[in-house]
1. For a label point 7 Å from the Cα of Ala121 along Cα→C-beta, name the residues of segment 84-104 whose backbone N is under 13 Å from it.
2. Measure nothing fancy, just the Cα-based angle from helix 210-226's long axis to the longest principal axis of the chain, in degrees from 0 to 90, nearest 10.
3. Could you give each residue of segment 480-496 its phi-based ³J(HN,Hα) in whole Hz, using Karplus coefficients 6.51, -1.76, 1.60 with θ = phi - 60°, and x for Gly or Pro?
4. Say each of Ala378 and Asn424 gets a label point 7 Å from the Cα, pointing the same way as Cα to Cβ; how far apart are those two points in nm?
5. What Kirkwood radius, in Å to one decimal, follows from the Cα pairs of segment 479-522?
6. Tell me the angle of helix 282-292 to the major Cα principal axis of the chain, expressed in degrees between 0 and 90 and rounded to the nearest ten.
7. About the Cα centre of segment 104-170, how large is the charge dipole given +1 on each Lys and Arg Cβ and -1 on each Asp and Glu Cβ? Please answer in debye to the nearest 20.
8. May I ask you to derive the FRET efficiency for Arg105 and Asp536 from their Cβ-Cβ distance with R0 = 60 Å, giving the value to the nearest 0.05?
Amino acid sequence: MAVAGVLALAAVALVARAAWLQLLHNDFYQRQGDARFLRDIPIAASRGAILDRNGEPMAVSTPVASIWANPQELLQYPDRLPVLAKALDIHPDALVQRLAQRADREFVYLRRHLSPDAAAAILALQIPGVAAQREFRRFYPAGSVAAHVLGFTNIDDVGQEGLELAFNDWLTGKPGVKRVIRDRLGRVVENVDLLRAAEPGRDLVLSIDRRLQYLAYRELDAGLRAHDASAGSAVILDVATGEILAMVNLPSYNPNSRDSDAIGAQRNRALTDVFEPGSVMKAFTAVAAMESGKFTPDTLIATSPGYTTLRGGYTIHDFKDYGTLSLAGVLIKSSNVGAIKIADELSAEQQYSAYRRFGLGQTSGSGFPGESAGVLPAAGVWGPVEKQTIAYGYGVSVTALQLARAYAAFGNGGALPTPTFVKNTPPERRAIVDPAIAGKTLAILEAVTGEGGTATRSNVSGYRVAGKTGTSRKASGGGYADKRYVSVFVGLAPASRPRLAMAVVINDPKGEEYGGGAVAAPVFRSIMTGALRLLDVPPDRIEQWYAQMPAEPARAVAARAATDAPAPKHGVAL
């Protein structure tokens with residue numbers, strides 16, 4: 001009896017203790033249980049989309065699944081590791097090593113960014129300690145065509161290059177948090193509470209027109225192939241607003257592939273690569289000349305015998321002996337000797353002031369990561385030779401965007417726009433040149449594309465074009481490389497009321513033709529022809545347009561063009 005009584009008392013005590021722990025004071029064990037099965041897990045937030053100016057997607061985030069594991073639990077089932085390794089498409093030894101190195105952790109990624117179906121197949125194996133987490137992966141529909149502008153994100157969806165980096169804070173969403181109950185396999189069996197909702201990132205609408213981007217990429221590629229060139233860039237700028245409508249570079253890369261080893265192809269050459277512009281610099285020299293009061297477009301300049309020797313023994317040649325040229329003629333014939341003679345009449349400060357106002361030697365204000373300022377030495381360090389060579393485009397370095405922006409000022413009445421990649425950014429323009437001088441220079445640049453000029457291959461049927469060719473030898477080893485050139489053309493259209501400014505830069509063209517007029521100008525023509533039509537810009541060379549069309553449509557187009565495209569306000573005597 002005594003033993004039975006003791007056992008009964010013990011049983012009552014155990015029941016009382018159990019009731020006390022489980023019913024009255026269960027907080028401790030509840031916390032212990034929750035710690036094993038209750039988890040706060042992040043809710044992935046979608047990155048904002050990047051759209052072109054017409055709302056077409058250029059970068060979007062797609063839901064994906066990432067497989068992760070709790071090494072402490074998974075390592076308890078070594079017999080399941082070969083099956084898991086096969087499903088993950090990795091070597092079993094590599095999986096074991098990865099888990100062993102992180103055996104003190106409760107979370108390790110095994111495979112990131114799988115398709116939902118692939119992740120579901122792995123989870124269906126029901127391997128303890130293995131689970132999936134929702135994430136997002138960036139996708140770029142335009143691929144290599146817009147790679148240099150957009151850049152790319154890393155595996156954690158953080159911007160690494162281009163606009164993805166520049167606007168990372170704007171595009172990045174805020175992850176949410178939810179409380180869930182997981183079973184012993186790590187699967188979510190119940191959503192307990194939403195602690196914080198995920199906030200998606202904000203969309204970014206670019207100034208880029210995807211149609212023009214594809215057009216420029218295609219025609220630049222054709223130009224490089226035609227001349228077996230190593231690289232090239234093209235930039236299209238809206239003259240009035242400074243909006244960048246297209247920016248392409250070759251060679252390019254595929255931003256959708258994280259396995260790409262083309263590191264050198266990832267830089268945005270139009271903004272990072274500098275080069276000596278050659279004769280396109282002469283337009284800025286002409287502005288400095290007219291601002292000095294010593295020159296007008298008709299001022300005569302002797303260029304015979306077609307060459308001149310600089311201090312130090314360097315002989316500079318023109319294509320031929322042009323005799324006596326007007327200031328306008330120096331640009332039309334692209335006379336290096338004429339540019340030197342102009343520089344001799346100007347002070348270094350007068351030249352430097354003009355070049356600096358056109359944005360040379362400074363970043364454009366586009367906000368693009370890694371943009372180069374180029375090189376424009378201070379006037380105080382110029383010697384007589386530097387003053388002369390800079391006048392025709394040597395001793396100074398620029399980017400393609402700087403040239404497009406600078407020439408846009410000629411079509412803007414002397415106002416320099418600030419380039420932007422974002423649509424509807426309030427235009428920023430700074431008056432840098434007297435409108436009359438800007439107009440006279442624009443008229444000279446239009447004559448450059450006319451008969452007898454160096455840029456006849458830049459002409460667009462039905463439109464008046466203003467622009468300038470440039471050809472420079474590539475620097476190499478403290479001097480200049482033999483038979484290696486940079487070919488440049490910068491222009492505006494329609495010249496009567498410029499809507500678009502474009503710079504085309506081609507590196508290392510091979511063959512007999514290497515000048516800007518033969519290599520870069522035809523690419524400009526091809527791109528500009530398509531761009532003006534895509535943007536529905538009315539023609540301003542009415543007679544030519546009219547002659548190429550059937551009678552009835554021609555009359556309608558001519559009437560519209562006469563209304564929308566007035567004659568230029570400034571002329572020049574040539």
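Here, each number is a calculation from the coordinates, and none is a lab measurement. Because the structure is a prediction, the values reported are computed rather than measured. All Cβ positions, even for glycine, are placed from backbone atoms using ideal geometry, and neighbour counts span all protein chains on display.
1. 86-90
2. Orientation of helix 210-226: about 60 degrees from the principal axis.
3. These are the phi-based 3J(HN,Hα) values: 10, 5, 7, 6, 10, 9, 10, 9, 9, 9, 10, x, 10, 7, x, 5, 5 Hz.
4. 4.4
5. Radius from the Kirkwood sum: 11.6 Å.
6. Between helix and principal axis, roughly 60 degrees.
7. 240
8. So, using R0 = 60 Å, E works out to roughly 0.50.
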